[in-house]
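As structure tokens, the structure follows; a few thoughts come after it.
The values are calculated or read from the model by the stated rules, or taken from the named source; none is laboratory data. Model, not experiment: these values are computed from the prediction. Cβ: placed from backbone, ideal geometry, glycine included. Neighbour counts: every protein chain shown. For the accessible areas, the whole protein counts, side chains as well, though only heavy atoms, and no ligand, DNA or RNA atoms are used. Shrake-Rupley method; radii C 1.70, N 1.55, O 1.52, S 1.80 Å.
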Amino acid sequence: MENIASNLQAVIDRIRTAETRFGREPGSVRLLAVSKTHSPGALRAAVAAGQRDFGENYLQEALSKIAALGSERLIWHYIGPVQSNKTRQLAENFHWLHSLDREKIAHRLSAARPPGLPPLNVCIQVNISNEASKSGVAPTAVADLANIVTELPGLHLRGLMVIPAPGASFDRQRAAFARSRALYDELTGLGLSMDTLSMGMSDDLEAAVAEGSNLVRVGTAIFGQRRA
Ligand SMILES: *Cc1c(COP(=O)(O)O)cnc(C)c1O
């Protein structure tokens, strides 16, 4: 627990170093602390060290942490798989959702977003290295889903989220992130308004920053290993 503040600072230093090395504007990459499986106490240690954005993958676990840390002004991001019977609770309790991959879910989230809240910030999850994972939209299908999201009053399209297959080398990691960046540029070129490229984790954040990520999702390097 006492390591969390220093781990967090080390991750921030990695991000800043990568920004400088790859010609990115200083401070342009946002850090999402991925806190799944970790205790409310671990999150509190990160909050005390200045962290505000937290990412969670499991709804029930997330809801108990949101309640436990309710007095802090935190920004909660849902980054796990979305089941359609969970859309109401997701729409009611989170500020961001990074893992949108179906039209039906988009409609349900929008309809369930409480009118008193600003629209839910949404990233579309793209399956950028097809062989690796079943989740995410095929690159060729992203534009259609993005156009639907922009029409929905309860949602605010922010960008794309990718989880590439673990890269064997820095250059392999960069190649998958470069494809994601190219897709992002293609969509904004079509007139879609987006500002977020959510990519990079503990083991590949430098490669992601090199290729234009402006939001990295980091768990292990901040909170330590997750239990199996
Ligand atoms: C768990 C998770 C992360 C964090 O991964 P680390 O390797 O622990 O940094 C990032 N993004 C998503 C979608 C995750 O599920």
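The table for this structure:
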| quantity | calculated |
| --- | --- |
| Of the DSSP H helices in the chain, those whose Cα atoms cover at least 24 Å axially and whose Kyte score averages -1.0 or more | 3-21, 170-189 |
| Accessible-area value, ARG14, 1.4 Å probe, nucleic acids and ligands omitted, Å² | 70 |
| Over the chain, relative contact order from alpha-carbon pairs under 8 Å, at least 6 apart, % | 21 |
| Rough spin-label spacing in nm, given labels placed 7 Å along Cα→Cβ, for ALA143 and SER84 | 2.7 |
| Solution diffusion estimate, µm²/s, Stokes-Einstein, the chain, Kirkwood Rh from C-alpha pairs, 10 °C, viscosity 1.306 mPa s | 89 |
| Cα centroid separation - segment 109-138 against segment 26-94, whole Å | 16 |
| Within-14-Å neighbourhood charge of ASN85 [Cβ basis; K, R +1; D, E -1] | +4 |
| Low-density loop positions, GluC sites (Glu not before Pro), segment 73-133 - DSSP coil, at most 11 other Cβ in 10 Å | GLU131 |
| Mean Cα-pair separation over length for segment 22-114, i.e. relative contact order, pairs under 8 Å, 6 or more apart, % | 22 |
| Proximal lysine pairs, the chain, alpha carbons under 19 Å, eight or more residues apart or interchain | 5 |
| Rounded percent of accessible protein surface that carbon and sulfur make up, the chain, 1.4 Å probe | 50 |
| Solvent-accessible ranking of LYS65, LYS134, largest area first, probe 1.4 Å | LYS134, LYS65 |
| For the chain, built as a Gaussian network whose Cα springs stay under 10 Å, the top-fluctuating residue of GLN125, GLN60, GLN173 | GLN60 |
